[in-house]
Amino acid sequence: MVTFMRHHHYPIIMDWAQAQPIPPAAIISDFFLGWTHLLARDLHVPRVVFSPSGAFALSVSYSLWRDAPQNDNPEDPNGVVSFPNLPNSPFYPWWQITHLFHDTERGGPEWKFHRENMLLNIDSWGVVINTFTELEQVYLNHLKKELGHERVFAVGPVLPIQTGSISTKPEERGGNSTVSRHDIMEWLDARDKGSVVYVCFGSRTFLTSSQMEVLTRALEISGVNFVLSVRVPEKGHVAKEHGTVPRGFSDRVKGRGFVIEGWAPQLVILSHRAVGAFVSHCGWNSVVEGLVSGVAMLTWPMGADQYTNAKLLVDELGVAVRAAEGEKVIPEASELGKRIEEALGRTKERVKAEMLRDDALLAIGNGGSSQRELDALVKLLSEVQRVESTS
């Protein structure tokens with residue numbers, strides 16, 4: 001798809017831009033669209049990368065594709081790849097590195113395309129990141145050093161938030177919910193403050209049948225109130241071992257469990273006073289939503305940038321506890337149930353999460369760090385435009 005867009009959309013966008021009475025002043029595009037750097041260059045405008053991942057994950061990605069480390073023993077998935085030039089010198093087993101890097105033929109057309117894409121991102125004029133200074137200061141500073149300029153802007157959390165409270169229709173973020181706001185609010189309103197665990201693995205992840213069995217068993221063992229959001233398999237998925245909620249589970253947890261099969265109004269749920277913990281796959285949007293809601297997290301990353309996000313939450317920020325790691329792992333139900341139960345206590349992770357929530361809301365408030373960063377971006381782009389118009 002990205003290759004198609006590069007070859008077919010480039011001339012269309014170029015023709016459109018050149019025909020405008022007031023030409024574009026800049027291009028802001030997703031980091032999967034590195035080719036738009038070439039488009040911006042030909043249009044003589046700055047290209048700004050938008051990173052949907054955090055600064056830590058972006059730092060790892062840039063380093064990975066720029067330095068292209070080799071796995072000396074491809075047969076050993078637990079071999080270590082390290083990033084000594086990054087703050088805190090993170091390292092990972094190879095199986096946690098993005099499949100775009102290690103599952104494509106090194107030096108082959110697809111691998112080269114992804115590497116060129118990332119190198120074009122590195123060469124771009126600036127980068128905007130869905131994070132905030134108080135969350136990832138050390139990695140924002142690292143990016144500025146590595147890129148050789150100060151045009152790294154933390155403008156997050158990018159969420160439908162208004163003056164510290166969730167906006168009127170957060171249930172519509174990403175799609176229509178399969179449950180009504182009224183039903184979920186009524187159920188949560190009847191629970192004590194901080195007494196509910198929210199469990200969701202995002203809109204793209206399926207648990208296997210074995211994983212679903214363990215997860216639901218753990219929720220039963222825990223004895224806690226919970227909301228479980230499960231992606232519903234489509235035709236053909238069950239045959240591929242994508243799990244469904246076990247028969248009879250909803251009846252066994254009736255009164256303390258609310259099961260949503262399909263899209264869940266995640267922001268509505270996480271921001272409710274009754275929710276105190278979040279079991280997550282650690283996709284960055286979910287991470288940010290959890291942080292801005294001030295809930296402790298249990299991490300179960302399964303791919304992409306999720307391992308880096310989990311490392312940030314657990315090892316550096318101290319707002320989360322590891323529940324499991326890997327798309328194939330099957331944790332012990334009793335141990336997982338114990339961690340779910342403990343997450344609702346007044347843990348140090350929960351205290352730190354509440355502090356980070358306050359930082360996040362200050363960042364996007366009037367005069368906050370993210371607002372200042374956004375103002376600085378607009379000012380710099382305006383200055384570039386004035387220079388171009390007079391040259």
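Every residue, every condition in (1) surrounded by fewer than 17 Cβ atoms within 10 Å (Cβ to Cβ); (2) touching a Gly at 6+ places or on another chain (Cβ under 6 Å); (3) part of a strand (DSSP E or B); (4) modelled with pLDDT of 90 or more, yes or no:
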| position | (1), (2), (3), (4) |
| --- | --- |
| Arg191 | no, no, no, yes |
| Val214 | no, no, no, yes |
| Leu219 | no, no, no, yes |
| Lys235 | yes, no, no, no |
| Phe258 | no, no, yes, yes |
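Is it true that some residue in the stretch 258-268 is closer than 20 Å to Arg357 by Cβ and among the aliphatic types (A, V, I, L, M)?
Keep residues of the stretch 258-268 that are closer than 20 Å to Arg357 by Cβ, which gives 265-268.
From the residues that got through so far, the ones that are among the aliphatic types (A, V, I, L, M) too are 267-268.
Yes, the stretch 258-268 contains a residue that is closer than 20 Å to Arg357 by Cβ and among the aliphatic types (A, V, I, L, M).
Filter the stretch 101-119 down to residues that are surrounded by 13 or more Cβ atoms within 10 Å (Cβ to Cβ) and either in contact with a strand residue (DSSP E or B) (Cβ under 8 Å, 6 or more places away or on another chain) or in a loop (DSSP other than H, G, I, E, B) (or both), then give me how many there are.
2
Tell me, which helices (runs of 4 or more DSSP H) lie completely within the stretch 322-391 with 3 or more residues that are without any contact (Cβ under 8 Å) to a residue 40 or more places away in the chain and either out of contact with any Asp or Glu (no Cβ under 9 Å at 6 or more places or on another chain) or closer than 30 Å to Val253 by Cα (or both)? Working first, answer last.
Working: elements: 333-343, 348-363, 369-390.
Per the criteria, 348-363, 369-390.
State yes or no: is Ile27 closer than 30 Å to Leu135 by Cα, β-branched (Val, Ile, Thr) and either surrounded by 13 or more Cβ atoms within 10 Å (Cβ to Cβ) or modelled with pLDDT under 85 (or both)?
Working: closer than 30 Å to Leu135 by Cα: yes; β-branched (Val, Ile, Thr): yes; either surrounded by 13 or more Cβ atoms within 10 Å (Cβ to Cβ) or modelled with pLDDT under 85 (or both): yes.
Yes; evaluated as a whole, the condition is true for this residue.
Of all residues in the stretch 273-291, which are over 18 Å from the mean Cα position of the chain (by Cα) and crowded, with 24+ Cβ neighbours inside 10 Å?
The first filter runs over the stretch 273-291 and keeps only residues over 18 Å from the mean Cα position of the chain (by Cα), leaving 273-276.
Of everything in the stretch 273-291, those that are over 18 Å from the mean Cα position of the chain (by Cα) and crowded, with 24+ Cβ neighbours inside 10 Å turn out to be Val275, Gly276.
This table checks each residue for (1) over 30 Å from Pro90 (Cα atoms); (2) not hydroxyl-bearing (Ser, Thr, Tyr).
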| site | (1), (2) |
| --- | --- |
| His9 | yes, yes |
| Met14 | yes, yes |
| Gln20 | yes, yes |
| Ser29 | no, no |
| Trp65 | no, yes |
| Asn78 | no, yes |
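With the structure loaded, tell me whether Val319 is outside the structural domain of His281 (by TED's automatic domain parsing), on the phi < 0 side of the Ramachandran plot and either more than 22 Å from the chain's Cα centre (by Cα) or touching a residue at least 24 places away in the same chain (Cβ under 8 Å) (or both) or whether it fails that test. Break it down stepwise before answering.
Numbers: outside the structural domain of His281 (by TED's automatic domain parsing): no; on the phi < 0 side of the Ramachandran plot: yes; either more than 22 Å from the chain's Cα centre (by Cα) or touching a residue at least 24 places away in the same chain (Cβ under 8 Å) (or both): yes.
Spelling it out, it is not the case that Val319 is outside the structural domain of His281 (by TED's automatic domain parsing), on the phi < 0 side of the Ramachandran plot and either more than 22 Å from the chain's Cα centre (by Cα) or touching a residue at least 24 places away in the same chain (Cβ under 8 Å) (or both).
How many residues, within the stretch 7-51, are over 19 Å from Arg151 (Cα atoms) and of a type outside the set (A, V, I, L, M, F, W, C)?
Residues that pass the stated criteria total 12.
Given Arg204, Arg252, Arg273, which one is touching an Asp or Glu at 6+ places or on another chain (Cβ under 7 Å), in the same structural domain as Glu332 (by TED's automatic domain parsing) and among the charged types (D, E, K, R)?
Values: Arg204 fails: touching an Asp or Glu at 6+ places or on another chain (Cβ under 7 Å); Arg273 fails: touching an Asp or Glu at 6+ places or on another chain (Cβ under 7 Å).
Step by step, each of Arg204, Arg252, Arg273 is checked, and only Arg252 is touching an Asp or Glu at 6+ places or on another chain (Cβ under 7 Å), in the same structural domain as Glu332 (by TED's automatic domain parsing) and among the charged types (D, E, K, R).
Take the stretch 193-212 and flag every residue that is in a loop (DSSP other than H, G, I, E, B) and hydroxyl-bearing (Ser, Thr, Tyr). Give the derivation first.
Within the stretch 193-212, the first condition is being in a loop (DSSP other than H, G, I, E, B), and the residues that meet it are 193-195, 201-207.
Result: Ser195, Ser203, Thr205.
Scan the stretch 120-138 residue by residue and report those that are buried (at least 21 other Cβ atoms within 10 Å of the Cβ) and either modelled with pLDDT under 95 or farther than 23 Å from His37 by Cα (or both).
If the condition is that a residue be buried (at least 21 other Cβ atoms within 10 Å of the Cβ) and either modelled with pLDDT under 95 or farther than 23 Å from His37 by Cα (or both), then Phe132, Leu135, Glu136 are the ones that fit.
The values are calculated or read from the model by the stated rules, or taken from the named source; none is laboratory data. In this text, all values refer to a predicted model and were calculated from it rather than measured experimentally. Cβ: placed from backbone, ideal geometry, glycine included. Neighbour counts: every protein chain shown.
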